[in-house]
Amino acid sequence: MTDDPLLVERLGHVALLTFNRPEKLNALSSPVRRAFLAILSLVSDDDDVRVVVLTGAGRAFSAGLDLAEIAASGASVEDNVAGENMVDAITAFPKPIIGAINGLAVTGGFEIALALDILLVAEGASFTDSHVRVGITPGWGLSQRLSRAVGLSRANELSLSGRPLPADEAVAWGLANRVYAADELLPAALELAQQIAEHEPGGVVEMKRLIAEGFRTSLADALCMENAAARAANVDVGAGAVASGFARARARD
């Protein structure tokens, strides 16, 4: 296997990204962070890529920041990660990103998972917030996104205790979509990605934007935003386009 910290594979209109430091539980070293930011930038501008699937090599999705690297640097956590915020890059990325959470997703790895659009998990996967345990304040959104995903009381339980959240419980709590056997996870994620990639790319990007921006505001403001977007876009959608789209949908079904 290559020594590249982030593997990239093109499968039709899908880009498969794999954290590739299995011996370090895919800890997010500076080379990993830089490679991830660079690849997302390239894929964002590549019209042939419509969906991204993100997973990890080995038994972990990601154990979070590489604490050994930070300790050896002699600099603060903030000095180490400044300018390499992977979650900001995910949030700004316009196309869908599916997380195939193959194993441990710890602290920074958990934060990355929370920022993805769809989460599928392997039976042995788990999510852990160890910020309190290691004495680091979350800076990639975990303290805010987790409570919005699972509720305030459950977020407090996970973040204050540091206990792992296993895959089946993550689905029951609404954090993830579905659980798969380990060998079925990646094929399922790629199949879902291909289903999404079949649709008109601009429509997919706009739907993702509407959902994400609406979720961040009140329902009333979100409905107004959707209505304005519909009026602007649907005026150009004629009866012929609707009939053609309906026919394509029937053919896929």
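The values are calculated or read from the model by the stated rules, or taken from the named source; none is laboratory data. Nothing here was measured: the structure is a model prediction, and the numbers come from that model. Here the Cβ positions follow ideal geometry from the backbone for every residue, glycine too, while neighbour counts run over all protein chains shown.
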Failed condition for ALA72, given (1) in a loop (DSSP other than H, G, I, E, B); (2) loosely packed, with under 14 Cβ neighbours inside 10 Å, with all others met?
(1)
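Consider segment 31-40. How many of its residues are more than 15 Å from the chain's Cα centre (by Cα) and surrounded by fewer than 21 Cβ atoms within 10 Å (Cβ to Cβ)?
4
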Have a look at GLY174, GLY151, GLY214 and point out the one that is at positive phi and surrounded by 13 or more Cβ atoms within 10 Å (Cβ to Cβ).
GLY151
Quick one: count up the residues across segment 178-193 that are surrounded by fewer than 16 Cβ atoms within 10 Å (Cβ to Cβ) and either farther than 19 Å from GLY12 by Cβ or not assigned by TED's automatic domain parsing to the domain that holds LEU142 (or both).
5
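Answer yes if at least one residue in segment 27-44 is among the charged types (D, E, K, R), farther than 19 Å from LEU192 by Cα and out of contact with any Asp or Glu (no Cβ under 7 Å at 6 or more places or on another chain), and no otherwise.
No - not one qualifying residue is present in segment 27-44.
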Would you confirm whether or not segment 117-131 contains a residue that is farther than 24 Å from LEU185 by Cβ and either more than 12 Å from the chain's Cα centre (by Cα) or surrounded by 15 or more Cβ atoms within 10 Å (Cβ to Cβ) (or both)?
yes
When you go through (1) assigned to a loop (DSSP other than H, G, I, E, B); (2) within 24 Å of VAL77 (Cα to Cα) one by one for GLY174, which number turns out not to apply?
(2)
Could you check how many residues of segment 193-237 are more than 18 Å from the chain's Cα centre (by Cα) and not in a helix (DSSP H, G or I)?
8
Tally, over segment 15-30, of residues that are surrounded by 21 or more Cβ atoms within 10 Å (Cβ to Cβ), in a strand (DSSP E or B) and in contact (Cβ under 8 Å) with a residue 60 or more places away in the chain
1
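Every residue, every condition in (1) modelled with pLDDT under 95; (2) touching a helix residue (DSSP H, G or I) at 6+ places or on another chain (Cβ under 6 Å); (3) among the aromatic types (Phe, Trp, Tyr); (4) not assigned by TED's automatic domain parsing to the domain that holds ALA122, yes or no:
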{"site": "GLY12", "(1), (2), (3), (4)": "no, no, no, no"}
{"site": "THR18", "(1), (2), (3), (4)": "no, no, no, no"}
{"site": "PRO22", "(1), (2), (3), (4)": "no, no, no, no"}
{"site": "LEU25", "(1), (2), (3), (4)": "no, no, no, no"}
{"site": "SER29", "(1), (2), (3), (4)": "no, yes, no, no"}
{"site": "ALA68", "(1), (2), (3), (4)": "yes, no, no, no"}
